[in-house]
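This report refers to the structure that appears directly beneath it.
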Amino acid sequence: MEKYLDEFINTFLETVDWTWKSIIFEVPWYTNYFWGLIAISLVVWGLEIIFPWRKKQSIFRHDFWLDAFYMFFNFFIFSIVISGVYKILGLLFGEFNITTKSLSLIDISHWAPWLQLLVFFVILDFVQWCTHVLLHRYPVLWKFHKVHHSVKEMGFAAHLRYHWMENIFYKPLKTFGVMILGGFEPEQAYIVHFSTICIGHLNHANIKLTWGIFKYVLNNPVMHLYHHAYAVPEGRTGMNYGISLSLWDYIFKTNYIPEDSGTIEIGFKGDDRFPSNFIDQNRYGFKKEQK
């Protein structure tokens, strides 16, 4: 027990230290996610201001600052808090001889760097797409995912507005994706991580962007706005589940873009009764839902 406690504390302190070093520019720029997130956010926000899709939407839209807080909470604060727990889980799995190579299907470590990155990106995106579908199809998971869909005016910061429990759902499945690759994560994986932040910010931004013919591959703000639509087509629990890639939605016939005015109502039925503050929104998923 003492071993696990020591590992928990050490990992927690190491994560705090790494985050602080990121803030004061003592980590390599290409792995500095703190300032990287800020830089990407400012660029995409600037694009929203210069090229607004919904021109009547305020620069400081509804819940702008709440979403900004969610960005830093989910990306840094929660990661610090939970880091020790993940370390302990890793030790427990190790005692049962469960390693990142246990489910290995392919070994990409000897492939060309660009191909490693591409396969890593595609497999992790597909795993996240599957997880996203589950969040919509199962009521117990949807209760937590409602936090993300409670956004009533879309903007870049809405990208990281989600319940911290979603990290719990996504992390094991993303680890599963890495295990398929023989437990290998490319040395240049930071390129994939920064790319997904950029695409995610753009997908939620107040910008009309479709990528032209590449819309069948890359997710985009027009497609993702309909993912947040208040009115869901009969017989569906959702649509346009793509994270970075729209490809999966076209393959599995979950794509839905009837028009591109950007004026649709977003949210979900009963969102007028959904909590409006951070604390109550994060308590909501654990409470018995009132009909």
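The values are calculated or read from the model by the stated rules, or taken from the named source; none is laboratory data. Since the model is a prediction, treat every value here as computed from it, not as a measurement. No Cβ is skipped: glycine too gets one built from the backbone with ideal geometry, and neighbour counts run over all protein chains shown.
A quick yes/no check of all residues on (1) surrounded by fewer than 17 Cβ atoms within 10 Å (Cβ to Cβ); (2) small (G, A, S); (3) touching a Lys or Arg at 6+ places or on another chain (Cβ under 7 Å); (4) modelled with pLDDT of 95 or more:
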| residue | (1), (2), (3), (4) |
| --- | --- |
| R161 | no, no, no, yes |
| S195 | yes, yes, no, yes |
| A205 | no, yes, no, yes |
| P221 | no, no, yes, yes |
Residue, surrounded by the most Cβ atoms within 10 Å (Cβ to Cβ), within region 223-235, restricted to residues that are at pLDDT 95 or above and part of a loop (DSSP other than H, G, I, E, B): H228
Region 210-219, residues that are modelled with pLDDT of 95 or more and within 19 Å of A158 (Cα to Cα): L218, N219
Residue, surrounded by the fewest Cβ atoms within 10 Å (Cβ to Cβ), within region 236-268, restricted to residues that are outside any loop (DSSP other than H, G, I, E, B) and in contact with a helix residue (DSSP H, G or I) (Cβ under 6 Å, 6 or more places away or on another chain): Y250
Residue list for region 189-243, filter: closer than 16 Å to L135 by Cα and of a type in the set (S, T, Y): T237, Y241
Residue under evaluation D280, criteria (1) more than 20 Å from the chain's Cα centre (by Cα); (2) surrounded by fewer than 16 Cβ atoms within 10 Å (Cβ to Cβ); (3) in contact (Cβ under 8 Å) with a residue 40 or more places away in the chain, criterion not met: (3)
Filtered residues of region 1-16 (kept if among the charged types (D, E, K, R), under 29 Å from Q188 (Cβ atoms) and over 24 Å from the mean Cα position of the chain (by Cα)): E7
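What about V27, is it more than 23 Å from F156 (Cα to Cα) and not small (G, A, S)?
Details: more than 23 Å from F156 (Cα to Cα): yes; not small (G, A, S): yes.
The answer is yes for V27.
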Candidate set from region 41-83 (those that are more than 21 Å from the chain's Cα centre (by Cα) and small (G, A, S)); member that is nearest to G267 (Cα to Cα): S58
Count of residues meeting criterion [buried (at least 18 other Cβ atoms within 10 Å of the Cβ) and β-branched (V, I, T)] in region 134-159: 2
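Need at least 1 residues that are polar (S, T, N, Q), surrounded by 13 or more Cβ atoms within 10 Å (Cβ to Cβ) and at pLDDT below 95 per element, so show me which helices (runs of 4 or more DSSP H) inside region 1-120 make the cut, counting only ones lying wholly within it.
Of the helices (runs of 4 or more DSSP H) lying wholly inside region 1-120, those with at least 1 residues that are polar (S, T, N, Q), surrounded by 13 or more Cβ atoms within 10 Å (Cβ to Cβ) and at pLDDT below 95 span 2-23, 78-95.
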